[in-house]
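Engineer: Sharing a structure, written as structure tokens. Questions coming.
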Amino acid sequence: MHEDFEEIKSTYKGKKSDIIPLLQDIQIKYGYLPGEMMQEVSRFVGVSKSEVFGVATFYSQFRFTPKGRTHVMVCKGTACHVSGADKIIEGIERHLGVKEGDVTFDMEYSLESVGCLGCCALAPCAMVNDEIKSNISLKDVKRLFSKRKN
Ligand code: FES
């Protein structure tokens, strides 16, 4: 058994109702749910891995990929959607070589879309780590997200 899981499971009894709190603890530790940890949950609780995965996908709080050092959340709420959020996401994907919901190879950037960020008057918006970027245009994408030079 994975030694981190040994520690995480120590306060649980292995009941089905432990699945969600176990997944929450794993996500707090890793920032996402690694596959091998979901396997450990499945063994510990005695349900299939697909059942654990099914529970995890039901809740939007859970992530299945790690976050990059810079985590970009582009708003896809109504105001941002009509202001071109999809084009912004495509622009970021092209510029950084990362797909929505994924992280770059160097773990520098992760990209995801989210619901309304609460600053609709400044659409389209994105949250970059803890900072709101507003009125983003395609031109801003290169300026906001620099690629690391090797
Ligand atoms: S819809 Fe994007 S901030 Fe509200």
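Engineer: Percent antiparallel among DSSP beta bridges with both residues in the chain, to the nearest 5?
Structural biologist: Here the share of antiparallel DSSP bridges comes out near 55 percent.
Engineer: From the Cα gyration tensor of region 70-144, with a ≥ b ≥ c the square roots of its eigenvalues, which class applies: rounded if a/c is under 1.5, or else prolate if a/b is larger than b/c, or else oblate?
Structural biologist: Prolate, because a/c is 1.5 or more and a/b exceeds b/c.
Engineer: Taking the chain as the reference, fit the longest principal axis to its C-alpha atoms, fit the long axis of helix 19-30 to the helix C-alpha atoms, and give the angle between the two in degrees, 0 to 90, nearest 10.
Structural biologist: 60
Engineer: Share of region 3-58's accessible area from carbon and sulfur, percent, 1.4 Å?
Structural biologist: C and S fraction of accessible area: 51 percent.
Engineer: Helix 49-58 against the longest principal axis of the chain: what's the angle in degrees, Cα atoms only, rounded to the nearest 10?
Structural biologist: Roughly 40 degrees, rounded to the nearest 10.
Engineer: Can you list which of the trypsin sites (Lys or Arg not before Pro) found in region 64-135 are DSSP loop residues with at most 14 other C-beta atoms within 10 Å?
Structural biologist: Those that pass, being in a loop and sparsely packed, are ARG69, LYS99.
Engineer: Continuing with the same structure: So what's the angle, to the nearest 10 degrees on a 0 to 90 scale, between helix 85-96 and the longest Cα principal axis of the chain?
Structural biologist: With both axes taken from Cα atoms, the answer is about 80 degrees.
Engineer: With a 1.4 Å probe and all protein chains left in place, how much accessible area per residue does region 3-58 have, in Å²?
Structural biologist: Spelled out: the 1.4 Å probe surface of region 3-58, per residue, equals 56 Å².
Engineer: Based on DSSP H runs of at least 4 residues, each adding -39500 (n - 2.57), what is the mean residue ellipticity at 222 nm of the chain after dividing by all its residues, to the nearest 500 deg cm²/dmol?
Structural biologist: -12000 deg cm²/dmol
Engineer: Here is a follow-up. Tally the DSSP beta bridges in region 70-144 and give the antiparallel ones as a percent, rounded to 5.
Structural biologist: Close to 55 percent.
Engineer: What area, in nm² and to one decimal, does the C-alpha convex hull of the chain cast on average over all directions?
Structural biologist: The number I arrive at for the chain is 10.3 nm².
Engineer: Okay, which of region 22-46 sit inside 17 Å, backbone N to the point 7 Å along the Cα-Cβ direction of GLU6?
Structural biologist: Residues passing the 17 Å test: 37, 40-41, 44.
Engineer: Name the aspartates and glutamates eligible as straight-distance cross-link partners of LYS99: C-alpha to C-alpha under 18 Å, and not fewer than 8 places from it in the same chain.
Structural biologist: Of all the aspartates and glutamates, those that pass the test against LYS99 - Cα under 18 Å, at least 8 places apart if same chain - are ASP86, GLU90, GLU108, GLU112.
Engineer: Full extension from GLU51 to ASP140: what is 0.36 nm times the residue separation minus their Cα-Cα distance, to one decimal in nm?
Structural biologist: Separation in residues times 0.36 nm, less the Cα-Cα distance, equals 27.8 nm.
The values are calculated or read from the model by the stated rules, or taken from the named source; none is laboratory data. The structure presented is a predicted model; accordingly, all values stated were derived computationally and were not measured. Neighbour counts run over all protein chains shown; Cβ positions are idealised from the backbone, glycine included. Accessible surface is based on the protein model in full, side chains and every heavy atom, while ligands, DNA and RNA are left aside. Shrake-Rupley method; radii C 1.70, N 1.55, O 1.52, S 1.80 Å.
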